Amino acid sequence: MTYPAGYRYTKTHEWIAAEGGKGKVGLTDYAQDHLGDITFVELPEVGRQLKRGEVFSVVESVKAASDCYSPAGGRVVAVNQKLEGEPDLINRDPHGEGWIFELELADPAELDALMDVETYSRFAAEEGEKG
Amino acid sequence: MTSQLEAGRRPEPLIFEMSSPGRIAYSLPALDVPDRPVEECLPAGALRRTAPELPEVSEVDVVRHFTRLSQIQHGVDIGFYPLGSCTMKYNPKVNEDMASLPGLAGVHPYFPEELVQGALELLYRMERYLCEIGGVSRVSLQPAAGAHGELTGLLMFRAYHADRGENRTRILIPDSAHGTNPASAIVCGYQTVEVPSDHRGGVDIEALKRLMGPDVAGLMLTNPNTLGLFDENMATVAEIVHSQGGLLYYDGANANAIMGIARPGDTGFDVVHFNLHKTFATPHGGGGPGSGPVGAVAKLEPYLPAPLVDADGDRYRLAYDRPRSIGRVKSFYGNFLVVVKAYAYIRSMGAEGLLRVSEDAVLNANYLMRKLAEHFHLPYDRHCKHECVVSGVWQKDRHGVRTLDMAKRLLDYGFHAPTIYFPLIVPECLMVEPTETESRQTLDAFAGTMAHIAGEAESDPDLVKGAPHTTPVKRLDEALAARKPNLRWRPE
């Protein structure tokens, strides 16, 4: 699996792509592969304040319902409405069209604590090997 | 010519699709009362404008339809059903006979107490048995199933803390827990906090110490847990939670492993539920209803649902005078006839028999685990209790065959699939619970079939990925079914 350079990654397999004080958030290819076919995404409300590590969404797949954790703190400024009709966008294009919401970052420095693409690629590969 | 067996392997149409205009399955006798138009008998608002579109079929159509449906079913009376954490043991038919006795099947909940002394005595004795098995002081038989028991237990936690003037807001739940635990806690108004498992599959003690605090109402624990493992640190877990004023809830889903061996009340639990439809051999999985009695140790006893059955000498009565009770959680006295079946089971097994049940359930699971471990990854390599968890990661990584595919392939060989993809902490897992009621021959046949499927995953992965091939309907599109559910028949 390959992951986009420039994104930042969490240990709970979310990504954030930041630009100009805002960041789009989604699930990684590793996460969608382990979840299996996604059937429902609970989108956060626009305007909601999130803390770093707070649950922003529940994603349901044919296997399980899983909490998703915000990679950073801030205010939700947009959500991907397309996921309501096509939750499988996350399976098909996890790092692009399958984004879940956009965050106005409270503190862009928080992203420094997250993994870069090299570190995350190694982390995900090791998680996969643990089985 | 198709044989009857093949006929039973075809998909069965809905009874609506078999409808033919004017065909009827009944003939009413001649009217022997004055004929009056329905408009005179019912107010206009209660009358429908169009006739309901009921299926028009003959009696033989109905009988054949439901007989054919029964032939394409699977259940414990047809074959092995190793659905982990569900305890799909055989349900002895004598239990049904007892529940059919007119003196029990015919009682009405509004009968005065003096006319139902036998039924009340049965409830009283059943409570005493469950107290003995669980190591608790009183038990309510009201809750209708396991998750209902969880909600009842958590409402009791809440009432207990409220009595002490404490407002505790969080419930700790291990990451291996049944999904009903966090669901029950949320319904009860608590926030849930996940406790990780350690490398041995038990509660991570250091994490528990870190997460426990004065705002925690309690910990919900299944022991043995969903990995089929008994928590070796149970005493430490109880000490950590109790020392900070928290309570312990015992999820009884896996109690089939411990009867006569370990009592939850003795190992630190404050509130305990039992699943009569699992451990005590009453039907479930479509044949229910369930029954989820809740027991409490002395300090939680005042909060149990009312009424309980009390005995004054040899007279039994419904005791409503329980001022600190959380109140009623179910109409009347729970699913009474399910309690009767479980009572019959306990009486026919006896104390020695129930101990033997748990011993054999554990022996069967360990036997099967060792056989399966020859072909599947065993994530926690230690003795299990009543169920074992193996993983299909080897088959997925080497041959692209997922656990879901292998579970579907089992259907071709006449077995119900085990629980899959649960517990969530083991990727590609299969959770296998054979129960004590299966013979060594059945266990060998299942293990042999699993070995055969592992071989197929290697030699012919597409065969497994396309399974099932011999069932009335083939591979269903689960994602489509979840995304666009089609749940009812509509006329063209």
Positive-pole candidate from B:Ala407, B:Ala361, B:Pro434, dipole of the range B:359-474, charges at beta carbon: B:Ala407
Rounded to the nearest 20 debye, dipole of the protein assembly as shown from Cβ charges on Lys, Arg, Asp, Glu: 840 debye
Dipole of the range B:52-189 [Lys/Arg +1, Asp/Glu -1 at C-beta], most positive-end residue of B:Leu115, B:Ser176, B:Met98: B:Ser176
Only Lys, Arg (+1) and Asp, Glu (-1) charged, at Cβ; chain B dipole about Cα centre in debye: 520 debye
Loop GluC sites (Glu not before Pro), the range B:296-381, which have at most 13 other Cβ atoms in a 10 Å radius of their Cβ (DSSP): B:Glu374
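Just need the relative contact order of chain B here, percent rounded to a whole number, with Cα pairs under 8 Å and 6+ apart. Each step should come with its number before you reach the end.
Values: 899 pairs, mean separation 89.1, N = 492.
So the answer I get is 18 percent.
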Rounded FRET efficiency, nearest 0.05, which uses the C-beta distance separating A:Glu97 from B:Glu17 and R0 of 51 Å: 0.80
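Can you compute the charge dipole magnitude of the range B:20-177 about its Cα centre, using +1 on each Lys and Arg Cβ and -1 on each Asp and Glu Cβ, nothing else charged? Give it in debye, rounded to the nearest 20. Don't skip to the end; give the middle numbers.
Details: 15 positive and 20 negative charges, 133 e Å.
Charge dipole, the range B:20-177, about its Cα centre: 640 debye, nearest 20.
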R0 of 25 Å, Cβ-Cβ distance B:Ile205-B:Ala262: FRET efficiency to nearest 0.05: 0.80
Neighbour cut-off at most 15 other Cβ (10 Å), DSSP loop, trypsin sites (Lys or Arg not before Pro), the range B:323-424: B:Arg324, B:Arg328, B:Arg382
Descending Cα extents along the principal axes, chain B, whole Å: 73, 69, 43
For chain B, Cys with no neighbouring Cys Cβ under 4.7 Å: B:Cys41, B:Cys86, B:Cys131, B:Cys188, B:Cys429
Modelled label reach - B:Tyr367, point 7 Å along Cα→Cβ, the range B:442-475 residues with backbone N closer than 11 Å: B:442-445
Rh by Kirkwood over Cα pairs, then Stokes-Einstein D for the protein assembly as shown at 1.306 mPa s and 10 °C, µm²/s: 58 µm²/s
Per-residue ³J(HN,Hα) for the range B:380-392, Karplus 6.51 cos²θ - 1.76 cosθ + 1.60, θ = phi - 60°, Hz, x for Gly and Pro: 10, 8, 8, 4, 9, 9, 7, 8, 10, 10, 10, 10, x
Whole-number percent relative contact order across chain A, with pairs defined as alpha carbons under 8 Å at least 6 apart: 30 percent
Cα gyration tensor, chain A - rounded (a/c under 1.5), prolate or oblate: oblate
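Any read-out appearing in this document is the output of simple, stated calculations on the displayed coordinates, not a laboratory observation. Values in this document were obtained by computation on a predicted structure and should not be read as measured data. A quick note on method: Cβ atoms are made from the backbone with ideal geometry, for glycine too, and the neighbour counts reach across all protein chains shown.
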